[in-house]
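The values are calculated or read from the model by the stated rules, or taken from the named source; none is laboratory data. Everything numeric in this text was worked out from a predicted model, so none of it was measured. Ideal geometry is used to build each Cβ from the backbone, glycine not excepted, and the neighbour counts take in all protein chains shown. The accessibility values were calculated without ligands, DNA or RNA, using every heavy atom of the protein model including side chains. Shrake-Rupley method; radii C 1.70, N 1.55, O 1.52, S 1.80 Å.
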Amino acid sequence: MSWEIDYLALLPEIVVAVTILAVLSLDLFLPRRLKYWTATVAVLGVTLAAIPLIVIWAGDARASMFDGSFVVDDFALVLKGLFLVAGYITLLMSVSYVESDRYYQGEYYLLLLCSILGSMVMASSRDLIVLFIGLELTTGPLFMLAGWRKGDIRSNEASLKYFILGVLSTAILLWGMSMLFGVTGAVQFGEISVAVDTIMAGDPDMQPLLGLAIMFMLVGFGFKVSAVPFHFWAPDTYEGAPTPVTAYLSVSSKAAGFVALFTVVYLAVPGAVTFWGPALWALAALSMTVANLAALRQSNVVRLLAYSSIAQAGFMLVPFAGAAVSGRDKLGEGLQATVIYLMIYALMNLGAFAAVIVAARRTGTAELAGWAGLGRRDPRLAVLMAIFFFSLAGIPPLAGWFAKFVMFQSVISSGGLAGGVLAVIAAINAVIAFYYYARIAKTIWFESPPEGAETFEDAPAGSLVWVLGVAAVVTILVGVLPDISGFFGRATQVLVEAAGG
Amino acid sequence: MDWFENGWGLSLIVFLPILGALAALAIPKERESTVKQWSMLVAVVTFGLSLIVAFGFDLGAAEQYQFETNVPWISAIGANYHVGVDGISLPLLVLSTFILVLAMIYSWNHWEEPRNPKAFLILMLILGTGMNGTFVALDLVLFFIFFEVVLLPMYFMIGIWGDKSMRQIPGFGKEMPTRLYASIKFFLFTLFGSAFMLLGFLALYFKSGEFGGRTFDIPTLAAHGAAGDFASWGIAGLVFGAMFLGFAVKVPMWPLHTWLPDAHTAAPTVGSVLLAAILLKLGSYGFIRIAIPVLPEAAKDWAPTIAILSVIGIIYGSLACLAQTDVKRLIAFSSVGHMGFVMLGIATLTDVGINASIIGMVAHGLITGLLFFLAGSMHHRYHTREMSRLGGNLKLMPRLGAILSFTAMASLGLPGLAGFWGEFMALLGAFNPLDGLSVGLFRGAMVAGAIGTVLTAGYMLFMLQKVNLGEPSEEWVGHEFHDVDRYEMTAWVPLIILIVVIGFYPKVVFGATTDAVVNMVDNAYAVDSTASLDVSGS
């Protein structure tokens, strides 16, 4: 047992934690007109946290602390990088949004930072308790952030729905975890995995209980990643929450849920793949199909993006689920494809949300009909939107194609009839999904603006321009030279080794 | 010039247009003439480079890939940046760069609402990269990317500059602008096909792993195909079917053709020209370059199906033409028929048939491209394309009418003009298909195809009679029409010359293709078929 603490490996989390304290105390003492300093400090803190992360990544300091419950390896580092970047972008998107409506700025940034910290802890967790704490720290603050627009009844609805279903899912998840502990007598993933293998090999009496434990946990995670049929909270919450929070929900919080799901099923209960493989397969197929069909009918862009993100979650599950139904030895490859998809999705979805924020601010509505002819009113914004939405649709040479490509490659590689069927379902869904992304492009570019509509010559807030520019450049760059994203896949290699794959 | 011959010349042809498009972004929208001159310069230089490739091409070794580059591209999935031309792709590459120049000349003073030449020219240049890239790509992933890159520019061209009229959508109770309906239909059909094509590519990739390493490399996969590696593969037929979906939608083959009449009719003139002249060829080229050499056995199983669908396409396209009242829609449907001949040639799996299909593609590109130019110019002047309102065109605009007559004759396959070779040789190929294919079925297809040529002549003459001959209707009395202007002339005369040259001397095309095609068929089916090739007029 080693209880030694490696402070360098913990430094990214420590920096974020210190920033949280700094924001909290600043908020106490700053007069109202200077409250915007809390935003500056928050952005600065997240940026600073990236420095030790890069130092650890560049060096070879990898650590396993607290008896292997908290691990800093390539996989965790890449995900922490993702959570920091997503958090950074969300903060930048929030700056002009929160300022413009006199919200409680200090508290807003405080909560967002807490959520970022939670997701970072979660990426390193290799035991049920740390994982649970990380996951709840990620989602807990979001219950409040979703209801930040107090005067708006839909924001209240968003918060309440998210809270009730979130707490319910937490309870179910916890129940599943406690049963798993009861069955295996361990909380640490490595130990659980050994116990599960023993049960699967020669203890048929315990198998039903183990299966039940896994199903409960899957339901809990299903809520977190809003996979169909556990997705009902998502569209209402997404629509009502402040748009930067929605962006965060659809990227970071979803990614956190996915990472929790993958680490648990891949590291803790891989032996029981025959239980959860088919369940993931069904989640993937249902999420893609149901969400895509529902998205076709949406008239509000944020709601549309909510369904789109559910469908994208389905696509993300495809490689891993395809691998899971064809056997344990394929899991590693499937996981790599899923992680690559997750990274690319995070990037282009954040870009799309930034563009939606600008467009909604300019036209005063998030209803698609109100955006008619935006291409003539603000061509630059409209070009950016086309880039992000067609990337989400997976049209080359934008980054999204590579995500879809890797998905198909992996699911076909895992072979078997079930994998092939999933590939065909995904292919049909890719076409359906294109239709509603193209519908946005159609309204913006092909329809005429209303009579006398003003044109927008000025640039939006500097922080948004920065977000849009970076996201667009990276979206195109990854699309043309996808090797850049290859290292995300390689980072999962350590997880594959950890699982003995 | 080593770098050029080592393959970077081809890369320049592919990427110059898109780099030009990026540079054009920097030119202010108001300076229209600068944008036009710049785009024209880019297109002309690209065409010039493709001519350098054409003249530097060693015809003695047409079956080999030349100007080849092969460097690693995406190591994560094992895809390479592999480009090169052989005798099959060379004519299509030159056609593609050439048509782009002509399209730019034509658009010099023809802008459809809402104008915005800058955006339109940028889209044209991006389209150029996609088209050129598809013809030189020798890696499945690269091919797929370029195959898809053409979609977005064409989608925007149709959607923004397309037909403004309203139209009742079948199956929906509402009206919507034709251009919106046509653009999304075009995109969805193609995407549907290419999603399955991608699945097929991936299946090939993994299968090739059993024979010395997974690869997306087309020549390597074709070598596997020739060696019979895939012959005993249980799902080869399904994989071919997946690729068939992707390519057949693009060609388009009956019954996947329904996007074509809508897209062609709704697109702006230049869009229709590029669509007909180049984009349709991406599909039939895919069959020749990928599907047949890689999966020759599966191709043999599919050949009768392809032949039957082609013949239905020929007959159906011709009959549909007879029922049209809109000139542009008539030309669009004629494409279905002509591409039917191209596909019939491919389905025979013989060198004669495949040669026929390549020259058919080139000829169709020249002739139908010109027809769409003409239809666009007529619409520009009459503001209608209804044949019942037109008439006496030869009297109103003698030069335009004469060119229309000439092109219609070329389109119906008059001997001595380019359109003849594709149709004639495809029928000849169907008379004597590859050993093992049902001779009865293919001869039946030949007879049906021959009937199709008669129908083609029928609707073309019918169109000429309605539009060109007779007296102008009263509607146009007193109207002054300006005859063909110099931009139109500059764009059209090269096409006319080429139609005549290829008609009299098809070796312009066959010279490059024959060896490559014979080699391909020999490899795929291990037959000696050189003897039957003397019909090529050489």
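Brief remarks on what is shown
- Buried solvent-accessible surface, both chains (B, A), 1.4 Å probe, Å² to nearest 100: 3000
- The mean count of C-beta atoms from other chains within 10 Å of the C-beta of residues in A:474-484, rounded to a whole number, is 2.
- Spatially proximal lysines relative to residue B:300 (Cα-Cα < 29 Å; intrachain offsets below 8 disregarded): B:207, B:250, B:281, B:507
- Chain lengthening between residue B:508 and residue B:386 when straightened (0.36 nm per residue, less Cα-Cα): 40.2 nm
- Modelled FRET efficiency - R0 41 Å, residue B:443 with residue B:54, Cβ distances, 0.05 increments: 0.65
- Computed from the Cβ-Cβ distance with R0 of 56 Å, the FRET efficiency linking residue B:462 to residue A:232 stands at 0.40.
- The residues of region B:317-538 have, on average, 35 Å² of accessible surface per residue, using a 1.4 Å probe with all protein chains present.
- Distance between the 7 Å Cα→Cβ label points at residue A:60 and residue A:175: 4.9 nm.
- The value of relative contact order for region B:317-538, using C-alpha pairs under 8 Å at least six residues apart, is 28 percent.
- Residue B:42 - accessible surface, heavy atoms, 1.4 Å probe, Å² rounded to 10: 10
- A 1.4 Å probe run over the protein chains yields, for region A:14-154, 40 Å² of accessible area per residue, whole-number rounding.
- Our note on the geometry: Cα centres of region B:116-139 and region B:165-230, 19 Å apart.
- Net charge of the neighbourhood of residue A:422, taken over other residues with C-beta under 14 Å away and scored Lys/Arg +1, Asp/Glu -1, is +2.
- Carbon plus sulfur fraction of accessible area for chain A, probe 1.4 Å, in percent: 68
- Zone of residue A:197's modelled label, taken as backbone nitrogen in region A:53-68 under 19 Å from a point 7 Å along Cα→Cβ: A:68
- Averaging the sequence gap over all C-alpha pairs within less than 8 Å and six or more residues apart, then dividing by the number of residues, gives region A:272-501 a relative contact order of 27 percent.
- The listed residues A:316, A:144, once ranked by accessible area (1.4 Å probe) with the largest placed first, stand as A:144, A:316.
- Additional length obtainable on full extension of the chain from residue A:215 to residue A:297, 0.36 nm per residue less Cα span: 26.4 nm
- Of the solvent-accessible surface of region B:357-464, computed with a 1.4 Å probe and all protein chains present, 69% belongs to carbon and sulfur.
- Largest-first ordering by accessible area, 1.4 Å probe, given options A:5, B:77: A:5, B:77
- Kirkwood hydrodynamic radius of chain B, Cα pairs, Å: 23.2
- For region B:17-31, 3J(HN,Hα) computed residue by residue from phi via the Karplus equation (6.51, -1.76, 1.60; θ = phi - 60°) reads x, 6, 5, x, 5, 4, 5, 5, 4, 6, 7, x, 4, 5, 8 Hz, glycine and proline entered as x.
- Farthest toward the positive end of the dipole of region A:324-437, out of A:351, A:327, A:410, is the Cα of A:351, where the dipole comes from beta carbon charges about the Cα centre.
- When you restrict to C-alpha pairs under 8 Å that are six or more residues apart and normalise by the size of chain A, the relative contact order lands at 14 percent.
- Once the 1.4 Å probe is applied to the protein heavy atoms, region A:272-501 comes out at 31 Å² accessible per residue.
- Here each label is just a point 7 Å from Cα along the line to Cβ, and for residue B:480 and residue B:165 those points are 2.9 nm apart.
- Estimated FRET transfer efficiency (residue A:33, residue A:167; beta-carbon r; R0 51 Å; 0.05): 0.85
- A simple spin-label model places the labels of residue A:417 and residue A:476 4.7 nm from each other, with each point 7 Å out along Cα-to-Cβ.
- Region A:207-319 - Kirkwood radius from inverse mean 1/r over Cα pairs (Å): 14.3
- Sequence of A:66, B:240 from largest to smallest accessible area, 1.4 Å probe: A:66, B:240
- Extent of region B:176-231 along its three principal axes (Cα atoms, max minus min coordinate, largest first): 54, 18, 17 Å.
- Evaluated over the protein assembly as shown, the Cα radius of gyration and Dmax, each in Å: 30.7, 101
- Cα shape, region A:22-110, gyration tensor, a/c 1.5 rule: prolate
- Inter-part distance where region A:227-279 and region A:52-128 are each reduced to a Cα centre, Å: 17
- Accessible area of residue B:424 in the full protein assembly, 1.4 Å probe (Å², nearest 10): 90
- Buried on complex formation within region B:199-227 (loss of at least 40 square angstrom of accessible surface versus the isolated chain, 1.4 Å probe, ligands and nucleic acids ignored): B:199, B:202, B:206.
- Taking Cβ atoms as reference points and 13 Å as the exclusive limit, the residues near residue A:379 contribute a net charge of +4, counting Lys and Arg as +1 and Asp and Glu as -1.
- Over the residues of chain B, the helix contribution to mean residue ellipticity at 222 nm works out to -22000 deg cm²/dmol, using -39500 (n - 2.57) for each DSSP H run of at least 4.
- Stokes-Einstein translational diffusion, region A:272-501 - Kirkwood Rh over all Cα pairs, 1.306 mPa s, 10 °C, in µm²/s: 87
- Residue B:230 accessible area, 1.4 Å probe, all protein chains in place, Å² to nearest 10: 10
- With θ taken as phi - 60° and the Karplus curve 6.51 cos²θ - 1.76 cosθ + 1.60 applied, the whole-hertz 3J(HN,Hα) list for region A:347-355 is 4, 6, 5, 4, x, 4, 5, 4, 5 Hz, x standing for glycine and proline.
- Extension gain, residue B:238 to residue B:64, is 59.7 nm, computed as 0.36 nm per intervening residue step minus the present C-alpha separation.
- Alpha-carbon centroids, region B:432-511 and region B:276-303: separation in whole Å: 24
- Taking every alpha-carbon pair within region B:317-538, the share separated by more than 33 Å comes to 22 percent.
- Three-way shape call for region B:12-53 based on the alpha-carbon gyration tensor, with the a/c threshold at 1.5: oblate
- Percent accessible area from carbon and sulfur atoms, region B:248-354, protein chains only, probe 1.4 Å: 69
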